[in-house]
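The structure appears right after this line, and notes come after that.
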2 protein chains.
Amino acid sequence: MAGANEDLRRRRDQAFGAGAALFYDAPLTIVRGEGAYLFDAEGRRYVDLYNNVPCVGHANPRVVEAMARQQGTLNVHSRYLNEGAIAFAERLAALHGPQIESVIFSCSGTEANEIALRMARFATGRRGIVCTDGTYHGNSDLVSRLTYVNRRQPETDEVHAFPFPETYRPLKEGLSEAELCDAYLARLEDAIRRFEDSGAGFAGLIVCSIFANEGLPNIPVGFMARAEAMVHAAGGVVIADEVQAGYCRTGQWWGYQASGFTPDIVVTGKPMGNGLPLAATAASRKLVEGFRARTRYFNTFSSSPLQAAVGMAVIDEIEGRGLDKNVASVGAALKAALVQRKGAWSAIGDVRGLGLFVGVEMVKDGPAKEPDPELAAHVCERLKDRGFLTSNAGVFNNVVKIRPPLVFSQADAEQFLEAFDQTIAEPHG
Amino acid sequence: MAGANEDLRRRRDQAFGAGAALFYDAPLTIVRGEGAYLFDAEGRRYVDLYNNVPCVGHANPRVVEAMARQQGTLNVHSRYLNEGAIAFAERLAALHGPQIESVIFSCSGTEANEIALRMARFATGRRGIVCTDGTYHGNSDLVSRLTYVNRRQPETDEVHAFPFPETYRPLKEGLSEAELCDAYLARLEDAIRRFEDSGAGFAGLIVCSIFANEGLPNIPVGFMARAEAMVHAAGGVVIADEVQAGYCRTGQWWGYQASGFTPDIVVTGKPMGNGLPLAATAASRKLVEGFRARTRYFNTFSSSPLQAAVGMAVIDEIEGRGLDKNVASVGAALKAALVQRKGAWSAIGDVRGLGLFVGVEMVKDGPAKEPDPELAAHVCERLKDRGFLTSNAGVFNNVVKIRPPLVFSQADAEQFLEAFDQTIAEPHG
């Protein structure tokens, strides 16, 4: 098996070019999925605590059926009338507040964020985008300029970063939470002001609603509502990147509900199609039409009957099975159990999370909260050896990221906790 | 029915925002597809002479089966090892010459062209991209800067356009074809030189291998081979956008074979997944690895087992059914028959094409070859009334574009010609 894997890796380095990302020291060959489980070539089962894309479960039968039926009936571009994509857009918009009226579908979170950024620029006639200093929103030329995770790239005339809000490693020590909130807001204001001093002007703020790539921080209470007001006062628009935060990941439909703000533009992606490329940029009709008028945007594969049928099946599954409630209850119990482990292992510096998205921050001994990315990677490797798939994330790569499909059960969580306990009990380092 | 369509249009204007492109004065509600046919809500059959995406036929059973089987087995990102996507990349690379070794999969032609442009820039350390003055390569912030179709946007420091090569409306009258070729090459050279004079430097040339959006011109013999040599002499790379030109559209696998050049980077998209979002950027391993090292590119939905299974099924269908030969023979007969119509209707200024991609250029009476976009639109409307779907294209929007699925048959072509004859026989204008 090791030989077969080695051969596959060599072929992969040639076929994809070396440097294409691969998980684990000894990568897994995965051949089958079902619900919250993945299976390797030898039939070994892994509990999937990593994959948010197959949100209603790997190989979900309702999704498979919808996909096959639609592809076997009609899958064509959107310049003919077709009820499916229209109904899907209506349903998606209705999952938000009244400020969200219209939808532009695309194929990836990157494409959807491209649309959102350009929409903000067209609407304001200004260029400057503010993001956090630990974020990632996608891989295109434009969107990758917002990538600060692990690669503190220089600010440009058109992109300014502010320190992401967090209480674990606060901007300044010794402040109350309210004072800390003020301190972060001052930095956001500074990023906005610097655009006003330059020629670019301020177009908008883009954030992941739960700051997932930043490491899922606890944010000072009230920060996002006040940030929203500040952005609007400066004439900008607020973009919520819900690619990771949305679709009931937090136990509520949208991450911005958990973080307490109301975005002007909402970007969704990963879980929307349970693996089918599908993303969306949703906003007021005015914002959407402003974008369309400027670009005459057309996307060959999007707004298709296939995207619609699969997208509808995913929402049907979430609603029909009450997965939001599953996420809330299993997630809360899992987080509480992990919080309990904090005392048992000093390397656990912090446990944070919302719904089925939990981060366990690994630090070196001592009060300095020094990040320990090697230990986080080690924990992920040992959990994998035990049949549980996670990964490490955060700006220091020291956060064990737990983000299973929404169908992850209480029994799955209990098995995981057993493996987690074995992992922290064994010698390491 | 008209009322139902009106209602759907109103809902669509709200759900997508007004301005989302729609074909025909009275848009079609399409509900089903099969092979080269589409069917409206009333069961009326339309012969599809427009859609290149469902290349192996609407609702192709082999594709449906592959899609359902794979989605029901495994569809996950590419950071686990999976044989399918590797084998698909190997197979795709092997369809090119030896200079193409490695593949980066993505979800749309736009994403694949983004990768190609950035790859050229990283490889050369220079920024300047040359494209034609009548092109379209995609809809992102970066790629849309190359859009010159119907929107002569100003050149930028990083994008220069040269006049696309054609013999129908030559750059200068009274030249031999060899002299005309020289004249276009001089304009290409000028575009390159202007980068060398500026700070940007010259990174590369991107063209659709058959200049599809330009209106599918006949190009002076030898132009592309000499353009390739000129680009390489200037230290640039040649990007072939095969999104429309490739996958046997011309009767050969690649448009660059028909146009006689050897690209460094090949971009494919539309037909690859028969409707599943799937695209690729293929190049030498060195170019691909250079891009990966600079970007650590990762695309959630691409290089997936689903893309691989569907992509393989499409190639299986093309090869198994010998669709390249079908395209070559049906396309040649169709073009020859349309050329015959030229004399019968003076409004047909030119008939051009390669394989199953034929353009009929509509002009006003007289020697000036004045484009008649209204007539082209009228012809498309009347053909639609008769049950045949086409559209108009080209820089003047006056070319009736005939680009059916590759499974389009000789009998389909004969029925179309009958409808075409009826259309040109009736009063108009």
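The values are calculated or read from the model by the stated rules, or taken from the named source; none is laboratory data. This one's a predicted model, so the numbers in the text were calculated from it and none came from an experiment. All Cβ positions, glycine included, derive from the backbone under ideal geometry; neighbour counts span all protein chains shown.
Computed quantities for the displayed model
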quantity: Tabulated pairs, segment B:135-147, first assigned by TED's automatic domain parsing to the domain that holds B:A240 and over 23 Å from B:P163 (Cβ atoms), second assigned to a helix (DSSP H, G or I) and of a type in the set (S, T, Y), C-beta under 8 angstrom, 6+ apart or interchain; calculated: B:N139/A:T295; B:N139/B:T110; B:S140/B:T110
quantity: Tabulated pairs, segment B:179-191, first assigned by TED's automatic domain parsing to the domain that holds B:E158 and closer than 14 Å to B:H160 by Cβ, second β-branched (V, I, T) and not in a helix (DSSP H, G or I), C-beta under 6 angstrom, 6+ apart or interchain; calculated: B:A191/B:V130
quantity: Output for segment A:91-137, where each listed residue is away from chain B (no Cβ under 12 Å) and farther than 18 Å from A:D157 by Cβ; calculated: A:L95, A:H96, A:G97, A:P98, A:Q99, A:A123, A:T132, A:G134, A:T135, A:H137
quantity: Residue check, A:E228 surrounded by fewer than 24 Cβ atoms within 10 Å (Cβ to Cβ), at pLDDT below 95, assigned to a helix (DSSP H, G or I) and not assigned by TED's automatic domain parsing to the domain that holds A:F357; calculated: no
quantity: Residue in segment B:107-127 that is buried (at least 22 other Cβ atoms within 10 Å of the Cβ), over 19 Å from B:T268 (Cα atoms), over 15 Å from the mean Cα position of the chain (by Cα) and among the β-branched types (V, I, T) present; calculated: no
quantity: Residues being in contact with a Phe, Trp or Tyr (Cβ under 7 Å, 6 or more places away or on another chain) and part of a helix (DSSP H, G or I) - total across segment B:273-297; calculated: 3
quantity: Any helices (runs of 4 or more DSSP H) falling wholly within segment A:298-387 and containing at least 3 residues that are assigned by TED's automatic domain parsing to the domain that holds A:R69 and among the small types (G, A, S); calculated: A:305-320
quantity: Segment B:282-308, residues that are at the interface with chain A (Cβ under 7 Å from one of its Cβ atoms) and touching an Asp or Glu at 6+ places or on another chain (Cβ under 6 Å); calculated: B:R285
quantity: Restricting segment A:76-99 to residues that are in a helix (DSSP H, G or I) and small (G, A, S), the residue that is farthest from B:A20 (Cα to Cα); calculated: A:A94
quantity: Residue, nearest to A:G353 (Cα to Cα), within segment A:222-281, restricted to residues that are within 14 Å of chain B (Cβ to nearest Cβ) and among the polar types (S, T, N, Q); calculated: A:Q244
quantity: Residue in segment A:368-390 that is among the hydroxyl-bearing types (S, T, Y) and more than 22 Å from B:Y80 (Cβ to Cβ) present; calculated: no
quantity: Segment A:86-104 residues that are under 13 Å from A:S284 (Cα atoms), paired with ones that are at pLDDT 95 or above and among the acidic types (D, E) (beta carbon under 8 Å, 6 or more apart); calculated: A:A93/A:E101; A:Q99/A:D264; A:S102/A:E289
quantity: Top-ranked residue in segment A:148-157 [being surrounded by fewer than 19 Cβ atoms within 10 Å (Cβ to Cβ) and closer than 23 Å to A:G236 by Cα; ranked as modelled with the highest pLDDT]; calculated: A:D157
quantity: Qualifying residue in segment A:301-317 (condition: among the β-branched types (V, I, T), modelled with pLDDT of 95 or more and crowded, with 24+ Cβ neighbours inside 10 Å); calculated: yes
quantity: Enumeration of residues in segment A:388-403 that are assigned to a strand (DSSP E or B), of a type outside the set (A, V, I, L, M, F, W, C) and out of contact with any Pro (no Cβ under 7 Å at 6 or more places or on another chain); calculated: A:S391, A:K401
quantity: Which listed residue is touching a Gly at 6+ places or on another chain (Cβ under 6 Å) and hydroxyl-bearing (S, T, Y), from A:T110, A:T29, A:T73; calculated: A:T110
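Quick grid of which residues meet (1) in contact with a strand residue (DSSP E or B) (Cβ under 7 Å, 6 or more places away or on another chain); (2) of a type in the set (S, T, N, Q); (3) within 7 Å of chain A (Cβ to nearest Cβ); (4) more than 24 Å from B:L356 (Cα to Cα):
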position: B:A15; (1), (2), (3), (4): yes, no, yes, yes
position: B:Y24; (1), (2), (3), (4): no, no, no, no
position: B:Y37; (1), (2), (3), (4): yes, no, no, no
position: B:G43; (1), (2), (3), (4): no, no, no, yes
position: B:L49; (1), (2), (3), (4): yes, no, no, no
position: B:L74; (1), (2), (3), (4): yes, no, yes, yes
position: B:R79; (1), (2), (3), (4): no, no, yes, yes
